[in-house]
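The values are calculated or read from the model by the stated rules, or taken from the named source; none is laboratory data. Just so it is clear, the structure is predicted and the values come from calculations on it, not from any experiment. Cβ sites come from the backbone with ideal geometry, for glycine too, and all protein chains shown count toward neighbours.
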Amino acid sequence: MRGDVERILQLVRDMYPDVICQRLPVVHPGADDDGLWFFTRPDASNEVQIASPSGRCPFLIEQKESDERRTGTTPEDVANTIQEWLAGS
């Protein structure tokens, strides 16, 4: 992990200590599935995905349940969107 993603992970864990954060294992470095992280909570069915190949902003933020997408331009924007979507699950 590098760059802004480390800050996002810390902010989300501060909001939800029980959050499960997983990075997609990279099978083919440099492919477009590099840089995907998934966030869930043990008591929720909703999953939030963030994507950035570089680990830096901007991030594409997607919510699996609603197919909603947003762009986060700062780590705080991304963390707040994750918090909002996980709270709604």
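A few comments on the model shown:
- If you check THR81, THR71 for being out of contact with any helix residue (DSSP H, G or I) (no Cβ under 9 Å at 6 or more places or on another chain), at pLDDT 95 or above and not charged (D, E, K, R), only one passes: THR81.
- Candidate set: the range 31-89, residues that are among the acidic types (Asp, Glu) and part of a loop (DSSP other than H, G, I, E, B); chosen: the one farthest from ILE20 (Cα to Cα): ASP32
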